[in-house]
Every structure is written in C-alpha cells, then in structure tokens.
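Let me begin by presenting the structure, written as structure tokens, before commenting on it.
Just so you know, all these numbers are worked out from the coordinates, no wet-lab data involved. Note that the coordinates shown come from a computational prediction; the quantities given were computed from them, not determined experimentally. In this analysis, Cβ positions are derived from the backbone assuming ideal geometry, glycine residues included, and neighbour counts consider all displayed protein chains.
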Amino acid sequence: MKRLVVLGSGTAGTTIVNKLRPKLDPQGWEIVVVDAATEHHYQPGYLFVPFGRYDPSDIVKPIEKYLPKGVAFRRSAVESVDPGRNVVVLDGGDELGYDYLVIATGATPRPDQTPGMLGEEWRRSVFDFYTLEGATALAEKLESWEGGRLVVHITEMPIKCPVAPLEFVFLADSYFKERGMRDRVELVYVTPLDGAFTKPVAAGRLGGMLDDRQISMEPDFYIERVNNETKALVSYDEREIPFDLLVTVPLNMGAEFIARSGMGNELNFVPVDKETFVSPKWPNVFAIGDAADLPTSKAGSSAHFAVEVFTENFMQIARGEEMTHRFDGHTNCFVESGDGKAMLIDFNYDVQPLPGKYPYPVVGPMKLLEETTINHLGKMGFKWLYWNALIPGRKLPVSTRMSMAGKDTTKDTTKDIEVKV
Ligand SMILES: Cc1cc2nc3c(=O)[nH]c(=O)nc-3n(C[C@H](O)[C@H](O)[C@H](O)COP(=O)(O)OP(=O)(O)OC[C@H]3O[C@@H](n4cnc5c(N)ncnc54)[C@H](O)[C@@H]3O)c2cc1C
C-alpha cells in the first residue's frame, strides 16, 4: 500500500483528491488530506463581501463535504515536514509518513510583516479584504463611512489574484456612485509595480480604466510602515500617502512550516519545476497552487489548470511511467470593473494577456481585455461552477493549455514579460 499525503484542502488540494481518488486503485493507494481548517472558503467571493453583494454563508462550506469517499481527512495544522525521512509532523507531534507528498497550503496575508499595519488603526481605519474577517469588518465600516480619502494598497508582489485590488477600487467607484456619494470620496491606488498591472497590454488597458474613473495611481511605492498617528503609508524612499480609510493587501506568504522545514524561499513559497511541480531536491515532493514558487499568477484558475497536468502526471507515476504532461502557466481571470461589467484576461508563461475572444474564436462569447456584461455574468456564475464542478474534479469546457485561437496577436508588442504576478 502506498500513501499520498496532500497538505491543504483548498482549491488545489480538494481538486487533486477528487480527480485522483476514482483513478487510483483503493487496494494500492491510500490518500490522506491534512488541513488546519474545517471550512473551505471560495476566496474570490471575498471581493464582494465589503460591498454587501455576498454574504459569508455564500462562500464558506465544510471541507469534508467536498472530499470524496476513500480519502482520509486529518484536521490538524502541519508543524513541519522531514523530506529526508518522508514524514509530516503534525501539530501536537503525531507523525504521518508518505510515499508522495503534495504541498498545497496556499498563501496567507501577513499584516504582521509591515511595521504599524496591525497598530491601533487596524480594523478602525486600516482594513484588508483578503480574509473573511477583514472583508466582513470592512463591509460594516463602509456601510457607515461618510467619505474622505480611500487608499487601496498592495504591499508587495506576489499576491494571490493580482487583479483583485484593482477590482476592489473599480467596485468602490461603482458602490459610492450608487450611494450618491462619489463626489465625497477620493480614490487612490497605491502599488509597488510601475503600472496598474505587470503585463504591458493589460497594464495599459487597466491604467486607462483608472483614469476614466478619476482614480489616481501612485506607482513604485514600497511600503516601509504605516504611521497610525498621522494615518499615512510611508515608503522606503520617504514618500507619505495620507488616508482616511486604508484597504491594504498585506504581504502574502506561504505557510510557516515550509520555512521550519527548510523547503521554501524567503517568502515560504516552495521552489518546484514550473512545468511538473516536482521539487528539484526531493523527487517525491510536489508543490502546487499558491504554495508553489511559480512565475505565473497565484490564482484559482492557474491552480485548476496545474492540477489537470499534475493528476495526469501522477497517474503515470502510479503506473511506473515517466511524466509526460507539462504546465504552460495558463491563467485566466475575470476583472470585475463595476456597473455590471467585467473584463477577462487569459495568458501563460510566454504570452501576455491580449485582446480577442474566449473560449472560442469569433463567437466568444467572452471578450478579452474588454468590459462586457457577459464577462460579468461569467464572473458571477463562476461561484456555482467552483462548488459544483471545479473542486469536485469535473472536467470544465476550457482547455488546460492556453490557446492562441481568438487572440489578436498584433497587440503582442513584447515577449519580454514581467513575471512578478
Ligand atoms: C480576494 C481574493 C480574490 C480572488 N479572486 C480570484 C479570482 O477571481 N480568480 C482566481 O482564479 N483566483 C482568485 N483568487 C485566488 C484563489 O482564491 C487562490 O489562488 C486559490 O484559492 C489557491 O488555491 P490553493 O489550493 O493553492 O490555496 P488555498 O485555496 O488558499 O488553500 C490552502 C489550504 O491550506 C490550508 N493550510 C494553510 N496552512 C496550513 C498549515 N500550516 N497546516 C494545515 N493546513 C494549512 C488552509 O487552511 C487552506 O484550506 C482570489 C483570492 C483572494 C484572496
């Protein structure tokens, strides 16, 4: 009997076990999932909670409801991994041996890593929306907020869903307009990047959308601290950005046990082969989803495409064959832009987001890099698809590899793509 241990039962971990359990012989393979939580969160839904569009109950479900029969669930935090002995040490000291290990413990916002962020203004005038608690507290704050200077801020890349802070500021513009108070709100977007996004064509489009909405942008801003007394962000080059209300995306880091186990980079993300997710140091260890140090966006969509590749490869391993499937970095993201519209971007390691149609050339029905109602309906419909098809491991009608069909390649002015997403 061989044992596959999957650490983390979020988007990647849950999808992996749902895909593998029916295929792996139950007499030959035991699958164990370890997670510190009991609830699975649909994190893209956090974006809509501050604006009263989703209730927490829409986006939180029990983890075990989504695990297939024949998979053992161990509810525990991971203390460390000893890859030399093929053992996971759980909180409390219990040891769990493995033949193969998948690290899928995601990325966590870490406000504690920026001086002053967790100061006396935390959850008074300093908020985040990358946790359910943060998004819920912000919803309450916005309900009674009377206006002023709202600063939306990214601490450092990489963050999960790098377009989410842009979506937040677009939705804020729309929300304050609906409430008849847009003229009492100054919106400022503060980013460590040199533009609205990392990839040139999309950065141009998204930057234009900020201008259209009179949202000012402060690029190249590397935060050093939050000054709680003056209510200002302070950068290393001593720029100060005052706020009445700050919505920040704190530094995103991988799990602490990865550092304790000596398996991660400086942000606790696990270096792996970008096409197969196998560790270069330990050939029976894989990292997938946000936990992996990969040069593509940390997004549920890329985790989903990566899982498709990984599970095909894992079945080859189980049959004693070579892995032949390769991940191309495929990611796509809806960018909610307010007023019932959204944009869609689709890219991979080598090709930046380009205009065109998706998933089918000519007919679409979705349009790339254009704000449309259909894209918005796609974004809103995705929640249903997530709970009912994606994490249950069903095949979705989209290609795992990025396709050039339908893309307008005349706009691909550069192949020299930034990889900080
Ligand atoms: C505000 C927001 C909006 C987003 N919008 C989009 C979007 O529109 N489209 C998109 O594609 N993606 C979006 N994402 C990103 C998407 O949610 C993540 O990329 C995706 O969930 C990654 O899946 P994962 O399995 O790698 O990690 P996760 O789904 O985060 O799962 C990690 C799991 O590991 C567990 N865990 C962590 N540490 C430990 C430990 N020490 N011991 C045991 N268990 C542990 C956690 O409890 C969790 O269950 C968004 C994210 C946020 C925050």
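The calculated FRET efficiency for GLN113 paired with GLN316, based on their beta-carbon distance and R0 = 45 Å, is about 0.70.
For the range 40-142, the equivalent ellipsoid derived from the Cα gyration tensor has semi-axes of 33, 20, 10 Å, listed largest first. For a straight C-alpha distance cut-off of 27 angstrom, the lysines reachable from LYS281 (same-chain residues fewer than eight places away being disregarded) are LYS2, LYS19, LYS160, LYS298, LYS420. Calculated [222 nm] ellipticity per residue, helices only, for the chain: -6500 deg cm²/dmol; basis is -39500 (n - 2.57) per DSSP H run with n ≥ 4, divided by all residues, nearest 500.
Take the Cα of PHE73, step 7 Å toward its Cβ, do the same at MET181, and the gap between the two points is 4.0 nm.
Look at the dipole of the range 152-242 built from charges on Cβ: of PRO165, VAL234, ILE223, the Cα furthest out on the positive end belongs to PRO165. Since only LEU206, ALA318, VAL247 are under comparison, the one whose Cα sits farthest along the positive direction of the charge dipole of the chain, derived from C-beta charges on Lys, Arg, Asp and Glu, is ALA318.
Put +1 on the Cβ of each Lys and Arg and -1 on the Cβ of each Asp and Glu in the chain; which of ILE345, GLY262, ALA77 then has its Cα farthest toward the positive end of the dipole? Farthest towards the positive end: ILE345. As a proxy for reagent exposure, ranking TRP384, TRP29 by other Cβ atoms within 10 Å from fewest up yields TRP384, TRP29.
Size of the chain from its Cα atoms: along the principal axes, largest to smallest, the extents are 66, 53, 39 Å. Helix 164-178: angle to the longest alpha-carbon principal axis of the chain, degrees 0 to 90, nearest 10? Compared with the principal axis, the helix lies near 40 degrees. The HN-Hα couplings worked out from phi for the range 100-110 by the Karplus form 6.51 cos²θ - 1.76 cosθ + 1.60 (θ = phi - 60°) are 10, 10, 10, 9, 9, 8, x, 10, 10, x, 10 Hz, whole numbers, x standing for Gly and Pro. Annotation note: GluC sites (Glu not before Pro) in the range 27-136 located in DSSP loop regions with a Cβ neighbour count of at most 16 within 10 Å are GLU120.
Amide hydrogen proximity for SER337: with H placed 1.01 Å from N in the peptide plane, the residues at 5 or more positions away or on another chain lying under 5 Å are ALA342, MET343.
Between GLU266 and GLU120, the FRET efficiency from the beta-carbon distance, with R0 = 25 Å, is close to 0.30.
Computed over the Cα atoms of the range 331-411, the ratio of the radius of gyration to the Kirkwood radius (Rg/Rh) comes to 0.97. Shown is the FRET efficiency for ARG149 and TRP384, computed with R0 = 60 Å from the Cβ-Cβ distance and rounded to the nearest 0.05: 0.95.
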